[in-house]
1. List the pairs whose first member sits in the stretch 71-90 and is without any contact (Cβ under 8 Å) to a residue 40 or more places away in the chain, whose second member is open to solvent by 30 Å² or more (accessible area, probe 1.4 Å), and whose Cβ atoms are under 8 Å apart, counting only residues at least 6 apart or on separate chains?
2. Does His221 count as free of Cβ contacts under 8 Å to residues at least 60 places away in the same chain and on the phi < 0 side of the Ramachandran plot?
3. Scan the stretch 177-204 for residues that are surrounded by fewer than 22 Cβ atoms within 10 Å (Cβ to Cβ) and of a type in the set (Asp, Glu) and jot them down.
4. I'd like the full set of residues that are surrounded by fewer than 23 Cβ atoms within 10 Å (Cβ to Cβ) and within 11 Å of the ligand (Cβ to nearest atom), limited to the stretch 67-76.
5. When the residues of the stretch 46-63 are narrowed to those that are polar (S, T, N, Q) and crowded, with 23+ Cβ neighbours inside 10 Å, which ends up nearest to Thr381 (Cα to Cα)?
6. Could you tell me which residue of the stretch 244-268 is nearest to the ligand (Cβ to nearest atom), considering only residues that are touching a residue at least 60 places away in the same chain (Cβ under 8 Å) and of a type in the set (A, V, I, L, M, F, W, C)?
7. Please work out which residue is farthest from Thr234 (Cα to Cα), limiting yourself to the stretch 303-316 and to residues that are without any contact (Cβ under 8 Å) to a residue 60 or more places away in the chain and within 14 Å of the ligand (Cβ to nearest atom).
Amino acid sequence: MTTLETTIPSCTPMKDETLAPIFEKVVAGIPLSLEDGLQLYVTKDLWSVCALAHTVRTSLHGNDAFFNINRHVNYSNVCALSCKFCDFYRKKGDEGAYEHSIEDIENEAKMAIESGATEMHIVGGLHPWLPFEYYTKMLSTIKKLAPMIHIKAFTAVEVVHLARISKRGRDGIAGISSVISELVEHGLGSLPGGGAEVFDERVHDEAYKGKISGEQWLDVHRVAHELGLNSNATMLYGHIETRAERIAHMITIREEQDKCLASESSGKFQAFIPLPFIPGVSELSPLPGPSGIENLRTIAIARLMLHNIPHIKAFWIMQTLHMAQHMLQCGADDIDGTVMWYDITKVESSTTTQEQSITDLCRAIRDAGFTPVERDTLYRTVERDGKVWSVR
Ligand code: V47
């Protein structure tokens, strides 16, 4: 593994010299400010930003680029919320509304085992009528069939919903703690990063009114970390938010991670995942969504702003595999996994069957100049012989 000091001089020559103080801060490990983040967004010298982000990712992970063999499961698209950016939710009785039975989930688990998956990533809408027992049964059914599979499930938004429907008090910390503990007893392994959107009241009230606040999202992850669970954090960008609001969001995540690392918590944020807004047929669909260059820049800036989050993920489903390759060269070190089926967003002409074979993921990573490393959800290296696997 190289150090920042030894690799920094090998960056391409900087064209925008006003970036020099930011580069010095990065080398010295000084957290970047809101103003620094904004400067990284406006400079025309994008390649220096990307080169610096690449240097940071290399100092953390060498030449490794991570992927996993996973299966994403969306158990229901019925949702009590009506977020304007969302093209996934349906109301009960709408055409295309669904909720999977426990037998469906059992079949998903069988297919996950068959594909050698190490992870099932499970999220859904805030279903108004499914009882709490549905969620615990879902977890225990998977664990009974596939005890080795790590279940990463339920965004913070769903966790608060589950605390409400299981009558553990509306939004209180005790209710959240009790609901997560019970989910863990049934097999929950970690929390995904969804539902964070952009932590800003204005954006919240305009685009996802009714959803939990940024403070509540952070409460859920803090409690999960205290209970020993790792989690991820996302940012849904490129809709009605400003770049300053994005940077402020990243700084909030960084500060939460600082508090977490200084505490007794054994869990933490493992990865930050910038999610580009995909208009689909959402209420915000007149907006175009961010460009490829904006996506690349956002990944690089995330790497530079979030020095205390180990991994930056370029989620290939939303970024496309071709762009994810570029992102590996600009700060990202992870592209998520084989996925199989995904209902939340569909880029261009894709459908819900969105799968990459292991061969294709590894080829994409190698072609970008990196060594593919299969990881489990906790970023341990997977050793595999076909469907049989273990972690180092
Ligand atoms: O919570 C919804 C976002 C999230 C749209 O933790 C949209 O490893 C873009 O969180 N355009 C779900 N984004 C996905 C997610 C995720 C994905 C991959 C890995 C991990 C992880 C987490 O997708 C939602 C919401 O923030 N989303 N609609 C849209 N139109």
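1. As it stands, the answer is Tyr89/Ser82; Arg90/Gly96; Arg90/Ala97; Arg90/Tyr98, since those pairs meet every condition given.
2. no
3. Glu182, Glu185, Asp200, Glu201 - these are the residues of the stretch 177-204 that are surrounded by fewer than 22 Cβ atoms within 10 Å (Cβ to Cβ) and of a type in the set (Asp, Glu).
4. Scanning the stretch 67-76 gives a single hit, Asn74.
5. The extreme case among them is Thr55.
6. Met250
7. Result: Trp316.
Here is a yes/no grid of residues against (1) closer than 27 Å to Lys387 by Cα; (2) surrounded by fewer than 21 Cβ atoms within 10 Å (Cβ to Cβ); (3) within 16 Å of the ligand (Cβ to nearest atom):
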| site | (1), (2), (3) |
| --- | --- |
| Ala97 | no, yes, no |
| Glu103 | yes, yes, no |
| Asn107 | yes, yes, no |
| Ser140 | yes, yes, no |
| His150 | yes, no, yes |
| Thr155 | no, no, yes |
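The values are calculated or read from the model by the stated rules, or taken from the named source; none is laboratory data. Every value quoted in this text rests on a predicted model; they were computed, and no experiment measured them. Cβ: placed from backbone, ideal geometry, glycine included. Neighbour counts: every protein chain shown. Surface accessibility is based on the protein's heavy atoms, side chains included, excluding ligands, DNA and RNA. Shrake-Rupley method; radii C 1.70, N 1.55, O 1.52, S 1.80 Å.
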